[in-house]
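Okay, structure first, notes after.
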Amino acid sequence: MQALATAKPGDDYTPELLLWTLSRIHHLIGRTLPDSDQVQREALTHALMLSFDGIALRQNLRRGEIATSQSVDVLFLMAQALLDRAGDIGTKDET
């Protein structure tokens, strides 16, 4: 994450690993939630990557501040809300 945040246009950066990671997470979500659609999987993939980025950036700053079980519970609630919202968006498109 830090390397991406400091990369400049002239640097030799390639997004291959990031794209592979996004694809892999998207695939795993599809296997875990087979009733989810493309929009839902994209939303959840994006949210998980944002969460990971935040954790990676703060890992040494405030490691003991939040209990792991609380973090998992909140992440679940966030994922469920994203899936519900994406489902609502898909339903609105059908009407």
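Key figures for this structure:
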| item | result |
| --- | --- |
| Looking only at the range 37-67, and only at residues there that are closer than 19 Å to Leu17 by Cα and β-branched (Val, Ile, Thr), the one that is modelled with the lowest pLDDT | Ile55 |
| Some residue of the range 68-90 being modelled with pLDDT of 75 or more and assigned to a loop (DSSP other than H, G, I, E, B) | no |
| Flag if Pro9 is at pLDDT 80 or above, not acidic (Asp, Glu) and not in a helix (DSSP H, G or I) | no |
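The values are calculated or read from the model by the stated rules, or taken from the named source; none is laboratory data. Since the model is a prediction, treat every value here as computed from it, not as a measurement.
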